[in-house]
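A quick write-up on the structure given underneath.
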Amino acid sequence: MLALETLWEPQEPWREDAACRNLDVAVFFPTDESEDATLEAKAICDTCPVADSCLQYALSTNQPEGVWGGLDSNERRRLRRRIRDQARRKAS
Ligand code: SF4
């Protein structure tokens, strides 16, 4: 089993409190990211005290795969698009 914390940058302080810290990385990186395949990870993220920091990290480092902060890669892509669109609207 590969623990999820091995994927994180060591200087990320929020990881100390992560609900998934010692769990199997495979739970958060299923081979397909269908709704069913990501349910277990998202349920763990729902209980995580550092989910906001985790999601922020995933967005700022453009994590292409897996569940981070309770969102899978498609959900993060949609969120990034919404953030980008809002920024464009504010700028115009
Ligand atoms: S939000 Fe989910 S993936 Fe992120 S640290 Fe918490 S349990 Fe892990």
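Quick test of your reading of the structure: Gln11 fulfils all but one of (1) at pLDDT below 90; (2) surrounded by 16 or more Cβ atoms within 10 Å (Cβ to Cβ); (3) in a loop (DSSP other than H, G, I, E, B). Name the failing condition by number. Among (1) at pLDDT below 90; (2) surrounded by 16 or more Cβ atoms within 10 Å (Cβ to Cβ); (3) in a loop (DSSP other than H, G, I, E, B), Gln11 violates only (2). Taking the listed residues Leu79, Leu39, Leu71, the one that is over 24 Å from Glu12 (Cα atoms) and at pLDDT 95 or above is Leu39, with no other qualifying.
Take the residues in the range 46-61 that are among the polar types (S, T, N, Q) and over 10 Å from the mean Cα position of the chain (by Cα), then tell me which one is nearest to the ligand (Cβ to nearest atom). So, considering only residues that are among the polar types (S, T, N, Q) and over 10 Å from the mean Cα position of the chain (by Cα), the one nearest to the ligand (Cβ to nearest atom) is Thr47. Return the only residue of Ser53, Ser60, Ser34 being touching a Gly at 6+ places or on another chain (Cβ under 9 Å) and either at pLDDT below 95 or surrounded by 12 or more Cβ atoms within 10 Å (Cβ to Cβ) (or both). Step by step, each of Ser53, Ser60, Ser34 is checked, and only Ser53 is touching a Gly at 6+ places or on another chain (Cβ under 9 Å) and either at pLDDT below 95 or surrounded by 12 or more Cβ atoms within 10 Å (Cβ to Cβ) (or both).
Looking across the range 37-49 at every residue that is among the small types (Gly, Ala, Ser) and without any contact (Cβ under 8 Å) to a residue 12 or more places away in the chain, the one that is surrounded by the most Cβ atoms within 10 Å (Cβ to Cβ) is identified as Ala37.
Elements of the type helices (runs of 4 or more DSSP H) sitting completely within the range 32-92 and holding at least 3 residues that are among the small types (Gly, Ala, Ser), under 17 Å from Cys20 (Cβ atoms) and out of contact with any Lys or Arg (no Cβ under 7 Å at 6 or more places or on another chain): these cover 35-46. Exactly one residue among Ala26, Ala19, Ala43 is away from the ligand (no atom under 12 Å from the Cβ), among the hydrophobic types (A, V, I, L, M, F, W, C) and over 19 Å from Arg78 (Cα atoms), and that residue is Ala26.
The values are calculated or read from the model by the stated rules, or taken from the named source; none is laboratory data. Given the structure is predicted, the values throughout are model-derived calculations rather than measurements. Positions of Cβ are generated from backbone atoms using ideal geometry, with glycine treated the same way; all protein chains shown enter the neighbour counts.
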